[in-house]
Amino acid sequence: MTCNIVISTGAGISAESGVRTYRDRGGLWQKYDPDVVSHINGWRKNPQAVLDFKNELRRDFEAGNYQPNAAHHALTRLQREWRWGEVTIITQNIDGLHEAAGSTVLEMHGSGRKKMCEACGHVSAYDADIILADPCAKCGKTASTRPMVVWFGEMPMYLDIIEQKLDECGIFAAIGSSNHVMPASLFAGASGTKATYLFNIELPIVGADDYHHHRLGPATVEVPKWVDELLALEEEPPSQRLW
Ligand code: NAD
């Protein structure tokens, strides 16, 4: 027997690293309209507005010099030290903080630190503003380089692998997500286990009932505590799978 763990993280896990969330008070959606700046149709209609937003975020990110926090580090520890199976970390975040903490992670919404050319697929570091008129370094096409992130209206990445991992897991946890964005909001229900944990600073407005255990409080406190509990287990936890 094995007990695999799947963990899905959202913007809340990075809040205490100083990265702004989207839907909380002071979040980015109070300043920007997601349909304009974070939707594939917005990119088709007004790419400059999208780039203004993304370039501002990128500069903010560079200046903020955000670092992984105790919750990111705890998950890395769990991934390295869990004896009873594998630990898969999936994130909706594009901030690269799981990777910076040393985790292996499926970035289902892409990476805010990379850009790509829609014409030839060339991927490179997003380490300076994207200018529409600049040609792609590989194919020379202009107005085709975009942040390598998944916008509303586009398909998230790694869905086949994620489906398989959810199907095989004995423990599922969602950390710091408002449960508003599909398909991540459906993962708890799809996981097929009764050992589902919700970590959030407060009960989210939607989806809380999909979880068997609620751990409310800052991610930097609750996640390391949970990881300590898991790593202290002397026997493999009994299966709570539903099928
Ligand atoms: P969201 O902004 O909709 O929700 C964030 C959730 O985190 C809220 O429910 C809030 O209560 C909770 N939270 C805030 N501070 C917390 C803390 N200290 N500890 C625990 N929980 C805390 O984020 P979402 O559900 O991830 O969906 C938004 C979309 O925007 C996703 O695609 C996400 O990847 C993207 N996004 C990414 C980043 C990032 O890369 N860091 C930042 C903002 C938004």
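Just so it is clear, none of the values below were taken in a lab; they were calculated from the coordinates. The structure displayed is predicted, hence computed values, not measured ones. Please note: Cβ atoms are built from the backbone with ideal geometry, for glycine as well, and neighbour counts cover all protein chains shown.
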- Note on the structure: Mean-square fluctuation maximum in Gaussian network of the chain, Cα pairs under 10 Å, restricted to PRO224, PRO147, PRO183, hits PRO183
- Message: Over the chain, what is the relative contact order in percent, taking alpha-carbon pairs closer than 8 angstrom and at least six residues apart?
- Response: 23 percent
- Message: As a footprinting exposure proxy, order PHE172, PHE187, PHE53, PHE152 by other Cβ within 10 Å, with the fewest listed first.
- Response: PHE152, PHE53, PHE187, PHE172
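Cα-Cα over 18 Å: which of LYS115/LYS141; LYS165/LYS194; LYS54/LYS138; LYS114/LYS138; LYS114/LYS165; LYS45/LYS114?
LYS54/LYS138; LYS114/LYS165; LYS45/LYS114
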- Message: Using only the alpha-carbon atoms, how far is helix 219-232 inclined from the longest principal axis of the chain? Give it as 0 to 90 degrees, nearest 10.
- Response: 40 degrees
- Task: Grab the DSSP H runs of the chain that are 4 residues or longer, score each as -39,500 (n - 2.57), total them, divide by all residues and round the 222 nm result to the nearest 500 deg cm²/dmol.
- Result: -8500 deg cm²/dmol
- In debye to the nearest 20, the charge dipole size for the chain, taken about the Cα centre with +1 at each Lys and Arg Cβ and -1 at each Asp and Glu Cβ, equals 640 debye
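Filter the GluC sites (Glu not before Pro) in region 149-218 to those in DSSP coil with at most 11 other Cβ atoms within 10 Å of their Cβ, and list the result.
Here the GluC sites (Glu not before Pro) that fit, given the DSSP loop and packing criteria, are GLU202.
Arranged by the count of other C-beta atoms within 10 angstrom, fewest first, what order do ASP95, ASP35 take?
With the fewest neighbours first, ASP95, ASP35 line up as ASP35, ASP95.
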- If you line up the long axis of helix 47-64 against the longest principal axis of the chain, both from Cα atoms, how many degrees apart are they, to the nearest 10? 60 degrees
- Item | Alpha carbon centroid spacing (whole Å) that separates region 168-243 from region 15-32 | 22 Å
- Task: Tell me, for the chain, which Cys residues have no other cysteine's C-beta sitting closer than 4.7 Å.
- Result: CYS3, CYS169
- Return THR21, THR145 ranked ascending by Cβ neighbour count within 10 Å, so the fewest neighbours appear first. THR21, THR145
